[in-house]
1. Of (1) modelled with pLDDT of 95 or more; (2) at negative phi, residue A:289 satisfies all except one. Which?
2. Do we find a residue being within 14 Å of chain B (Cβ to nearest Cβ), closer than 24 Å to residue A:91 by Cβ and open to solvent by 10 Å² or more (accessible area, probe 1.4 Å) anywhere in segment A:137-146?
3. If you take the residues in segment B:97-126 that are more than 22 Å from residue B:43 (Cα to Cα) and in contact with a strand residue (DSSP E or B) (Cβ under 8 Å, 6 or more places away or on another chain), which one is surrounded by the fewest Cβ atoms within 10 Å (Cβ to Cβ)?
4. Of the residues in segment A:168-195, how many are within 8 Å of chain B (Cβ to nearest Cβ) and touching a helix residue (DSSP H, G or I) at 6+ places or on another chain (Cβ under 9 Å)?
5. Of A:55, A:17, A:72, which residue is in contact (Cβ under 8 Å) with a residue 60 or more places away in the chain and hydrophobic (A, V, I, L, M, F, W, C)?
6. Would you check which residues across segment B:264-302 are assigned to a helix (DSSP H, G or I) and not small (Gly, Ala, Ser) and list them?
7. Within segment B:74-94, restricting attention to residues that are open to solvent by less than 10 Å² (accessible area, probe 1.4 Å) and either within 12 Å of the chain's Cα centre (by Cα) or in the same structural domain as residue B:180 (by TED's automatic domain parsing) (or both), which residue is farthest from residue B:64 (Cα to Cα)?
8. Looking at B:261, B:235, which one is of a type in the set (Ser, Thr, Tyr), assigned to a loop (DSSP other than H, G, I, E, B) and either over 27 Å from residue A:152 (Cα atoms) or at pLDDT below 95 (or both)?
2 protein chains.
Amino acid sequence: MDQSTISVFCPATIANLSCGFDVLGLALKGVGDRMNVRLTSNPGVQITRITGGDLPMDAGKNVAGVAAMALLEASDFGGGVEIEIEKHILPGSGIGSSAASAAGAVWAINNLLGDPFTLPQLVSFAVAGEALASGAPHADNVAPALYGGITLIRGYDPLDIARVHCPALLHAVVLHPQIELKTSDSRSILKKTITLKQGIRQWGNVGGLITGLFTEDYGLISRSLEDVIIEPVRSLLIPGFGEMRAIALKSGALGFGISGSGPSVFALTRGADTARRTEEALTRGYESVGIPFRTFSSPVNRMGVRPW
Amino acid sequence: MDQSTISVFCPATIANLSCGFDVLGLALKGVGDRMNVRLTSNPGVQITRITGGDLPMDAGKNVAGVAAMALLEASDFGGGVEIEIEKHILPGSGIGSSAASAAGAVWAINNLLGDPFTLPQLVSFAVAGEALASGAPHADNVAPALYGGITLIRGYDPLDIARVHCPALLHAVVLHPQIELKTSDSRSILKKTITLKQGIRQWGNVGGLITGLFTEDYGLISRSLEDVIIEPVRSLLIPGFGEMRAIALKSGALGFGISGSGPSVFALTRGADTARRTEEALTRGYESVGIPFRTFSSPVNRMGVRPW
């Protein structure tokens, strides 16, 4: 491979983590897209190939393309890039499909250019791509895809990202019911106001989750994985949500919730064994719902986008 | 001193810490009440003496008395207690005056009885006293008074308290403008609903503050000390609030806000020197406002209520 080409793995991510709507996210191992990125002497961004997903080849309409253009505009590189995308994360699944493409593109180009940009800058370029997909610029998938581990978006104006400690035994289980649920639709059903009481409960849980992660207190993590604001509304769009929660908790999961804007759901567990047991129980349980689905389980990915 | 009597120091506390309304709090050194508590063979709670404050001697109307009764009711001790209270924290000052009395009473009685109750149980007894003072049961002053350091109330139902790491250099400065501002009034002016956007910003800040405390990242702590919900309303009741904030930040403070429900305001600093400088600048600045006031600065008290 010459120095003008790189292949990267772009991890799937779980945003929100129940209580942390729009601020928390974590990166997954084993599930992610692959991209080949090549520097060219011709300016501009070309999407040369997409496999595994029906996505726009027009760079201006593709999240990876838009993210790449945002980076190139900020750089003094006079050339352009060609991008091949091998999708393994189904678009619309709720585990950061568009974020993976956007994050992968900017990480790869930055690497090829000799790392002129910082991680926070890469996040801001990738967010430009994300905005295209969701209708609202958000960073809670892009940040963990680029940083790895568990990230917090403290604020958006300006973008302020912090790493949160991730206990070694933390595993995630994902079940993806293959129904269509667009991020923009999934946002529009949310109420624009909440009660102060709901707010207090939510920021108590965010505080509890982060304290539990830093102190590796799995009991506190478990009690904090509660969403009193978004989940009661969004879960109505996900067939079998309540039953799956009961199955996951009965299998020993620490908590259960909606991954990002859905339709994927996730459980967090202490250890791989509980993750496997939870995945098996969810699989058995969801078969009766009659909707095609996929599941996987994974430790937290501490690296983020990396050469593949 | 025989084993049926104890004298305790009951620290003042700062609740909320800007973004953490009703969930965060920290304990102070140097400022606090003193109490003498004695076990008696006669059942019931007697407040035998109060100095430094015009507070009810009737145990059923006194926060320390109510907290003591809650503990005694849950215990198998057949006798009662006599309580002397030496107030140094002015009632209504916003640095946990009633919480100090409630926390001190239950800690002292528990100690004399041989520690039958856990810290979370002591908090719940003390909260019964607090409810009398504020009209709403809250634990964000009582918890740090009993645990010491910085505490998080993850949730109230059931009460779930966690310790948050406190960086060694963290100091607090308090300015108490001597105006009357009752907790119950200060709560009633709050709006009952907030926008989802405000909520996201607030829980991003709570997450940022706790992450900053655990990682000793003073920059992150500083950026997270923001309250977009309560402070804009409550600060209107505190003359000179905006000017004091500007003075504190110019002096190098990490952040500035309302202590609990006010009227006291606080700044957090990195180190004692900045605390002293901030206290001096606030003192000079507040003299022109024309309201009597007191100031002090203090490291965080890691011990909570202790024998004195």
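The values are calculated or read from the model by the stated rules, or taken from the named source; none is laboratory data. Please read these numbers as outputs of a predicted model, since none were measured by experiment. Virtual Cβ from ideal backbone geometry, glycine too; neighbours counted across all protein chains shown. Accessible surface is based on the protein model in full, side chains and every heavy atom, while ligands, DNA and RNA are left aside. Shrake-Rupley method; radii C 1.70, N 1.55, O 1.52, S 1.80 Å.
1. Looking at each condition in turn, residue A:289 falls short on (1).
2. Yes, the conditions are met somewhere in segment A:137-146.
3. Filtering segment B:97-126 down to residues more than 22 Å from residue B:43 (Cα to Cα) leaves B:97-100, B:118-120, B:123.
Next cut, in contact with a strand residue (DSSP E or B) (Cβ under 8 Å, 6 or more places away or on another chain) only: B:97, B:99-100, B:119-120, B:123.
Values: B:97: 27, B:99: 36, B:100: 34, B:119: 18, B:120: 15, B:123: 26.
If we take residues in segment B:97-126 being more than 22 Å from residue B:43 (Cα to Cα) and in contact with a strand residue (DSSP E or B) (Cβ under 8 Å, 6 or more places away or on another chain), then B:120 is surrounded by the fewest Cβ atoms within 10 Å (Cβ to Cβ).
4. Quick first cut of segment A:168-195, residues within 8 Å of chain B (Cβ to nearest Cβ) only: A:190-195.
Filter again for touching a helix residue (DSSP H, G or I) at 6+ places or on another chain (Cβ under 9 Å), leaving A:190-194.
Residues flagged as within 8 Å of chain B (Cβ to nearest Cβ) and touching a helix residue (DSSP H, G or I) at 6+ places or on another chain (Cβ under 9 Å) within segment A:168-195 amount to 5.
5. On the way: A:55 fails: in contact (Cβ under 8 Å) with a residue 60 or more places away in the chain; A:72 fails: in contact (Cβ under 8 Å) with a residue 60 or more places away in the chain.
Of the residues listed, the single one that is in contact (Cβ under 8 Å) with a residue 60 or more places away in the chain and hydrophobic (A, V, I, L, M, F, W, C) is A:17.
6. Applying the first criterion (assigned to a helix (DSSP H, G or I)) to segment B:264-302 yields B:272-287.
Answer for segment B:264-302, where residues must be assigned to a helix (DSSP H, G or I) and not small (Gly, Ala, Ser): B:273, B:274, B:276, B:277, B:278, B:279, B:280, B:282, B:283, B:284, B:286, B:287.
7. B:93
8. Working: B:235 fails: assigned to a loop (DSSP other than H, G, I, E, B).
Within the list B:261, B:235, the selection yields B:261.
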